[in-house]
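The values are calculated or read from the model by the stated rules, or taken from the named source; none is laboratory data. Source: prediction; values computed, not measured. Cβ placement follows ideal geometry from the backbone for every residue including glycine, while neighbour counts extend to all protein chains displayed.
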């Protein structure tokens, strides 16, 4: 805990991911909030119940799990340890989201969530900024909370272990950058919707057969929606100004990013996404976004400059 002169504080937490996922961590933090607010017991009691995700004999792997393709850990398209990597945090409010939606057909806008739309947009323009080989396979990895997918048996509300999947959309850099945003969004939605109960049971069996392999990060952009942490409330101080992962590019994987709920000083709400890129690619990325929003926002009452879009270098 770091106490601030203004009376607030920064509460930092690290977890062992073998024990819990983001949803489990949020449950733990909400339990802490319950006690801090005077509750005698947590509103949702934590349960172990690891047996709910046990393997079944035989061990059929009934689904394709290309997220675990055997590939190099880090490719040059994402930047490696030898690159001068930088992190910038980008804010997407209602104006920015409206500008992105105007790039899409109305039927797709109405059937897509903000996170699906924003993630697909970032995937495409991040790839443009990286300038990979046109034939390079680029990957978009969604982290999907699978708790609602598991029905037989279902997971208890208090289950705090890992219950998520890494569905992946795969396409060549050429197709991703040359085809319209609609193409990227449809790929993302298809990958995300592939996570079913059968998919999860197949994944559990794959983990046993292959000895818990790591997901393929080469050419990948991974996004996790951690807006759940914005609801953490310890009582006296109210909800957090910022509740989410501290930076992008965690665990030596430059392609990892997170969607965090945020509210600016003027009361505008939106989503902050920290992005990690090689320095020159970051410069191109900012210019690409500036070009998109300048052209789209100009027709809707004004242009937002990139220094407003980039909130900080967390």
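Conditions: (1) in contact with a strand residue (DSSP E or B) (Cβ under 7 Å, 6 or more places away or on another chain); (2) in a loop (DSSP other than H, G, I, E, B); (3) closer than 29 Å to residue 84 by Cβ. Residue 156 meets all but one. Number of the miss?
(3)
Going residue by residue through region 293-301, is there one that turns out to be in a helix (DSSP H, G or I), surrounded by 18 or more Cβ atoms within 10 Å (Cβ to Cβ) and modelled with pLDDT of 90 or more?
Within region 293-301, one or more residues are in a helix (DSSP H, G or I), surrounded by 18 or more Cβ atoms within 10 Å (Cβ to Cβ) and modelled with pLDDT of 90 or more.
I need a count of the residues in region 12-24 that are surrounded by 11 or more Cβ atoms within 10 Å (Cβ to Cβ) and touching a strand residue (DSSP E or B) at 6+ places or on another chain (Cβ under 8 Å).
Residues flagged as surrounded by 11 or more Cβ atoms within 10 Å (Cβ to Cβ) and touching a strand residue (DSSP E or B) at 6+ places or on another chain (Cβ under 8 Å) within region 12-24 amount to 4.
I need the full set of residues from region 208-229 which are closer than 21 Å to residue 260 by Cβ and touching a strand residue (DSSP E or B) at 6+ places or on another chain (Cβ under 6 Å), in order please.
220, 221, 222, 223, 224, 225, 226, 227
Looking only at region 165-217, count every residue that is surrounded by fewer than 15 Cβ atoms within 10 Å (Cβ to Cβ), touching a residue at least 60 places away in the same chain (Cβ under 8 Å) and in a loop (DSSP other than H, G, I, E, B) and tell me the total.
3
Among 281, 248, 220, 262, which is in contact with a helix residue (DSSP H, G or I) (Cβ under 6 Å, 6 or more places away or on another chain), surrounded by 13 or more Cβ atoms within 10 Å (Cβ to Cβ) and at pLDDT 90 or above?
Just a single option satisfies the conditions, and that option is 281.
For region 118-143, give me the residue count where each residue is in a strand (DSSP E or B) and modelled with pLDDT of 95 or more.
Counting residues in region 118-143 that are in a strand (DSSP E or B) and modelled with pLDDT of 95 or more gives 5.
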